[in-house]
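A short write-up of the structure that comes next.
Derivation of every value follows stated rules applied to the coordinates shown; laboratory data play no part. Just so you know, these numbers come straight off a predicted model, no measurement behind them. Ideal geometry is used to build each Cβ from the backbone, glycine not excepted, and the neighbour counts take in all protein chains shown.
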Amino acid sequence: MEGPTRRASEVVVAADPVGLAHAAAERFADIAEEAVARDGRFTVALAGGSTPKGLYSVLATEPYRSRVPWREALVFWGDERCVPPDHADSNYQTATETLLRHVPIPAAQIHRMRGEDPDPDRAAADYEWLLRLTFQRESRLLPRFDLVLLGMGADGHTVSLFPGSPALRESARLVVAPYVARLQTHRLTLTLPVLNGARSIFFLVSGEEKARMLKTVLEAVGRSHEIPSQMIFPSRGTITWFVDSAAAHLLARREASLP
Ligand code: 6PG
């Protein structure tokens with residue numbers, strides 16, 4: 001896939017997961033304030049998994065509970081597991097318990113993916129319709145999130161785009177429901193065109209088990225279609241990697257610019 005020009009990225013190395021969460025929370029608040037001042041709203045796609053929980057907990061407390069313009073926020077998800085919204089594995093459930101139930105965001109502005117739908121393709125199509133409706137006021141064909149939060153697996157996957165997935169070649173649809181063989185389940189996920197259309201992308205990466213992949217993604221020359229996280233590079237936006245020292249210990253330099 002001939003992608004857009006890759007933008008420089010910034011790598012913020014925190015001493016530990018708590019420091020990572022606070023560094024990301026400060027930037028999250030900055031972006032939210034800028035978006036509302038510019039557009040009157042703040043559109044964000046939340047990440048799943050465990051690493052973002054620290055960020056969500058910090059955002060749910062002061063000063064961010066008061067500082068972030070939650071009433072003007074529109075919340076989406078980058079991906080979702082095919083489980084009910086009250087399931088322990090639900091990304092919606094995780095974000096609700098750690099953040100959304102603690103901040104004054106109108107329920108009508110929280111847009112979860114319907115992981116409980118027995119037809120994942122229908123759930124993906126429904127979410128795509130919602131995205132197009134939400135972002136239709138912009139002339140562009142693609143939604144342009146103010147902020148997309150991402151995690152990264154040790155295999156380089158991000159959202160539910162796994163190495164070798166046909167979903168990595170999707171160039172038209174905004175949301176798909178790939179079958180993930182290693183998990184023996186479908187997942188719902190945004191596609192690369194949507195992710196790469198964002199103004200700002202945060203990768204949140206913590207732990208020694210991510211160190212080798214992080215080095216590969218940040219420092220390898222070129223990019224492999226086998227490493228989804230290497231295929232994230234916003235055409236007109238920036239990536240900020242918030243990593244802790246355990247994940248960063250193999251990096252050659254603290255500031256990395258993608259080639
Ligand atoms: C998910 C996420 C997934 C996650 C990575 C890293 O639904 O699980 O979308 O891509 O970000 O697996 O997960 P951790 O942060 O738990 O390591």
Distance (nanometres) between label positions extended 7 Å along Cα→Cβ at Leu250 and Asp39: 3.6 nm
- prompt: Just from its helices, what would the mean residue ellipticity at 222 nm be for the chain, if runs of 4 or more DSSP H residues each count -39500 (n - 2.57) and the sum is divided by every residue, rounded to the nearest 500 deg cm²/dmol?
  reply: -8500 deg cm²/dmol
- prompt: Under a plain spin-label model, where a point goes 7 Å from the Cα along Cα-to-Cβ, how far apart in nm are Asp155 and Val18?
  reply: 3.4 nm
message: Need one word for the chain: rounded, prolate or oblate. Basis is the Cα gyration tensor (sqrt eigenvalues a ≥ b ≥ c); a/c below 1.5 gives rounded, then a/b vs b/c decides.
response: rounded
- request: With a point put 7 Å past each Cα toward its Cβ, work out how far Thr185 is from Arg71 in nm, to one decimal.
  value: 3.8 nm
query: When the label point is put 7 Å from the Cα of Ser235 along its Cα-to-beta-carbon vector, which residues of segment 153-179 have a backbone N closer than 15 Å?
result: 170-174
query: Ranked by Cβ crowding within 10 angstrom, fewest neighbours first, how are Ser165, Ser206, Ser171, Ser224 ordered?
result: Ser171, Ser224, Ser165, Ser206
Residues Thr134, Thr94, Thr189, sorted so that the one with the fewest Cβ neighbours within 10 Å comes first: Thr134, Thr94, Thr189
field: Share antiparallel - DSSP beta bridges, the chain, percent rounded to 5
entry: 25 percent
statement: With +1 at each Lys and Arg Cβ and -1 at each Asp and Glu Cβ, the charge dipole magnitude of the chain around its Cα centre, to the nearest 20 debye, comes out at 520 debye
- prompt: How long is the gain from Ala88 to Ser224 if the chain were fully straight, where each residue apart is worth 0.36 nm and the alpha carbon distance is subtracted?
  reply: 45.7 nm
FRET efficiency for Ala108 and Glu10, using Cβ-Cβ distance with R0 set to 45 Å, rounded to 0.05: 0.85
- prompt: Who wins for biggest fluctuation among Asp79, Asp244, Asp16 in a Gaussian network model of the chain, springs between alpha carbons below 10 Å?
  reply: Asp16
